[in-house]
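Data first, discussion second: the structure below is written as structure tokens.
Only the coordinates and a few stated rules stand behind these numbers; no lab work does. Note that this is a predicted model, so its numbers are computed, not measured. FYI the Cβ positions are ideal-geometry reconstructions off the backbone, even for glycines, and counts take in every protein chain you see.
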Amino acid sequence: MRLFEQANFFRAVHDPAGLPPDASAEVAFAGRSNAGKSSAINTLVNRKRLAFVSKTPGRTQTINFFSLGAQRYLVDLPGYGYSTVPVKGKRHWEKLISTYLQTRTSLRGLVLIMDARHPFTALDRQLLDWTAPLGKPAHVLLTKADKLGKREAMTALRAAEAAARHYPNCAVQLFSSTTGIEVGAARRTIAQWLK
């Protein structure tokens, strides 16, 4: 899609005070560390190194804005749930993420990245609990779907759909950055939100 071809790094924000003016259209990406968030963003924009991909979980410690032009942004939120991050760091990330999600009027929707091999965690639910009262749509990408057999993938999808029923405006789909499973469907959803 032409919209995603224009993606460029715009700004890294370490503190809510550094957020750009709240007069745009933004889609935020969030998920557990090592769930494939950066890879998913890179696949969606068809670029190899726009979002930093690391073999070490927990490397994204800022809110990273990627411009799509015309005041439209993809927003990469810090990963969560990595056990070796110091408590102070976890608190900072939690404050940064919750402040962004609960106060940003530019936010059009949330893409929640989850490894298809793992069910919803308490932190995944907390994230949706923060956004559900705002009436913003959420779209769950079950990444690494290529690592599951067809039957296992469908079982994971059904389980995630059942868990997501508790949240209004929340859809779930399989996704793979490696093989391209359902990349087009994810792009269409995000493009619709940014219109």
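Couplings 3J(HN,Hα) of region 70-78, computed from phi: 6, 6, 10, 9, 9, 10, 8, 7, x Hz, in residue order, whole Hz [Karplus 6.51 cos²θ - 1.76 cosθ + 1.60, θ = phi - 60°; x for Gly and Pro]. The sum of -39500 (n - 2.57) across all DSSP H runs of n ≥ 4, divided by the residue count of the chain, sets its helix-only mean residue ellipticity at 222 nm to -10000 deg cm²/dmol.
Return the tail of the calculated pair distribution for region 86-146, meaning the percent of Cα-Cα pairs more than 20 Å apart.
On the way: 614 of 1830 pairs.
Considering region 86-146, 34 percent of its Cα-Cα pairs are separated by more than 20 Å.
Averaging the Cα positions of each part gives two centres, and for region 14-33 and region 149-195 these lie 22 Å apart.
Amide H contacts of Y80 (H built 1.01 Å from N, in plane; Pro and chain starts excluded): G31, R32, S33 sit under 5 Å, all sequence-distant by 5 or more or on other chains. Less than 5 angstrom separates the built amide H of V140 from those of L112, A171, V172, Q173, all sequence-distant by 5 or more or on a different chain.
Bridging of K195 to aspartates and glutamates at a Cα separation below 20 Å is possible for E5, D22, E26, D76, once same-chain residues fewer than 8 apart are set aside.
Using only the C-alpha atoms, the convex hull of region 6-51 corresponds to 103 Å³ per residue. Distance between the pseudo-spin-label points of D15 and R151 (7 Å out from Cα toward the beta carbon): 5.6 nm. 3J(HN,Hα) along region 20-27, derived from phi through the Karplus expression 6.51 cos²θ - 1.76 cosθ + 1.60 where θ = phi - 60°, amounts to x, x, 8, 9, 9, 10, 10, 10 Hz, with x in place of Gly and Pro. When the Cα atoms of the chain are aligned to their principal axes, the ranges along those axes come out at 46, 41, 34 Å in descending order.
Backbone geometry of region 105-122 corresponds, through the Karplus equation with coefficients 6.51, -1.76 and 1.60 at θ = phi - 60°, to 3J(HN,Hα) couplings of 6, 6, 5, 9, x, 10, 9, 9, 9, 9, 5, 4, 7, 10, x, 3, 9, 4 Hz, x marking Gly and Pro. Amide H contacts of S106: S24, each under 5 Å away and 5 or more positions distant or on a separate chain (H built 1.01 Å from N in the peptide plane; Pro and chain starts excluded).
Taking the mean number of other Cβ atoms within 10 Å as a proxy for protection, how do you rank 155-167, 12-24, 35-47 from highest to lowest?
On the way: 155-167: 15.6, 12-24: 12.8, 35-47: 22.0.
With the highest mean Cβ count within 10 Å placed first, the list reads 35-47, 155-167, 12-24.
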